[in-house]
Amino acid sequence: MSKPKNILVLGGHLDDSVLAIGGIIKKYTRAGCHVAVVCFGNGDEGFAHIENKDTCTKKFYAEAIAAHRILGVDDFVCHNWSDFEVNENKAIYRQCMAAIRRVQPEVIFGHYWLEYFQHRAMARMACDTWFQAGWECSADLGKPHAARALYHFEVLQSMPEPTHIVDVSDTFQAKLDAWAAFQTGQEHLGAELERLEARARFHGSKIGVKYAEALTRSFFQPQPVTDLVAEL
């Protein structure tokens, strides 16, 4: 029996992984894979009412733990940055590298280049640390590791030309259940439930299934070709 895959999701905020690829995550955990979700923004800007400002972070984190457990994820880490601090900087870059080296993933999932600055920053850092985590450097962050592939996901805006469409018809309800656990997020992303279903149906229509999630494979690291006839 082959060894179960390790999968790493690098998300800007507590709910990004669920909104983007909740169905894919559930498919991996059902298959016995180890999925680690590492995020950075702690939800401190996620209050829709001023009276919730001092309590929203603790509540949002508890909701994130519950949501990811619905998807079968026990390895969940939030690095507790303020939401608007999630940007390209040395500290977060090192935390991304450390996550890759700790989890030793075969596949990494990260943000796409669209959307607002925190998600754009995470797209850049996911690519760069995927590349640099395999170097013989920064030994304090763990043993070097080169993941086989990195895929970008969408959260709020659709990717223009996805390279892969994944049928999640059998796990889409789990995604909805996980999103429902984010009661705090629903206060400022109230219309997201309808958008979730609309996007999933749209992507599903491309491959003849009910619900699907879209990915774009990164070729930031060129893929080696050793057998031209077989591989191209």
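To keep it simple, each residue is scored yes or no on (1) touching an Asp or Glu at 6+ places or on another chain (Cβ under 6 Å); (2) surrounded by 19 or more Cβ atoms within 10 Å (Cβ to Cβ); (3) not acidic (Asp, Glu).
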| position | (1), (2), (3) |
| --- | --- |
| GLU187 | no, no, no |
| ALA191 | no, no, yes |
| GLY204 | no, yes, yes |
| ILE207 | no, no, yes |
| SER218 | no, yes, yes |
| PRO224 | no, no, yes |
| LEU228 | no, no, yes |
* To do: Quick one: which helices (runs of 4 or more DSSP H) lie wholly within the range 175-232 and hold at least 2 residues that are without any contact (Cβ under 8 Å) to a residue 12 or more places away in the chain, farther than 18 Å from PHE153 by Cβ and not small (Gly, Ala, Ser)?
  => 228-231
* Scan of the range 113-130 for residues that are crowded, with 17+ Cβ neighbours inside 10 Å, out of contact with any helix residue (DSSP H, G or I) (no Cβ under 6 Å at 6 or more places or on another chain) and not charged (D, E, K, R), ordered by number -> GLN118, HIS119, ALA121, MET122, ALA123, ALA126, CYS127, TRP130
* Keeping to the range 75-102, report how many residues are surrounded by fewer than 23 Cβ atoms within 10 Å (Cβ to Cβ), outside any strand (DSSP E or B) and in contact with a His (Cβ under 8 Å, 6 or more places away or on another chain). => 4
* Asked: Out of all the residues in the range 43-58, is one or more surrounded by fewer than 19 Cβ atoms within 10 Å (Cβ to Cβ), under 14 Å from ALA178 (Cβ atoms) and not hydrophobic (A, V, I, L, M, F, W, C)?
  -> no
* In the range 1-60, which residues are assigned to a strand (DSSP E or B) and within 17 Å of TRP81 (Cβ to Cβ)? -> VAL9, LEU10, GLY11, GLY12, HIS13, VAL37, VAL38, CYS39, PHE40, GLY41
* Asked: What single numbered condition from (1) touching a residue at least 60 places away in the same chain (Cβ under 8 Å); (2) not in a loop (DSSP other than H, G, I, E, B) fails to hold for PRO105?
  -> (2)
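Values quoted throughout were computed directly from the atomic coordinates according to the rules given, and no laboratory measurement underlies them. No experiment lies behind these values; they were computed from the predicted model shown. FYI the Cβ positions are ideal-geometry reconstructions off the backbone, even for glycines, and counts take in every protein chain you see.
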